[in-house]
Amino acid sequence: MTHKKTAYLRYAPDSPRFADARLSTLAKIKAGDQMRYWVTGTRTAPTIQAEKVVSGSFRQIAATITSIDPGQAS
């Protein structure tokens, strides 16, 4: 549950790091976004007030490891 003091942030287009997130609004959350909630404060069952909502879209890459060469580790 959000409230008037909830902070909305959006991940930077080139980074999934929270530290790189920028101020945003509820209106900028869109279909397909991934979201994280930072919840603090008083819990009033069955709800909790969200202090921060962070959203964004990330490219998903699937891969299969076929071999590992420990001697080539950098």
Original post:
Are there any pairs with C-beta distances below 6 angstrom linking a residue in segment 1-23 that is touching a residue at least 60 places away in the same chain (Cβ under 8 Å) to a residue that is open to solvent by 70 Å² or more (accessible area, probe 1.4 Å), with the two at least 6 apart or on different chains, and if so which?
Top reply: none
Subject >> Pairs, first within 30 Å of residue 8 (Cα to Cα) and modelled with pLDDT under 80 in segment 49-73, second surrounded by 10 or more Cβ atoms within 10 Å (Cβ to Cβ) and β-branched (Val, Ile, Thr), C-beta under 6 Å, six or more apart >> reply: 50/2; 50/6; 50/39
Original post:
For segment 17-33, how many residues are part of a loop (DSSP other than H, G, I, E, B) and open to solvent by less than 90 Å² (accessible area, probe 1.4 Å)?
Top reply: 6
Original post:
In this structure, is residue 29 modelled with pLDDT of 75 or more, of a type outside the set (Gly, Ala, Ser) and over 27 Å from residue 11 (Cα atoms)?
Top reply: no
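The values are calculated or read from the model by the stated rules, or taken from the named source; none is laboratory data. Bear in mind that the values here come from a model prediction, so they are computed numbers and not experimental data. With ideal geometry, Cβ positions are generated from the backbone for all residues, glycine too; neighbour counts draw on all protein chains shown. To get the accessible areas, we keep the full protein, side chains included, count just its heavy atoms, and leave off ligands, DNA and RNA. Shrake-Rupley method; radii C 1.70, N 1.55, O 1.52, S 1.80 Å.
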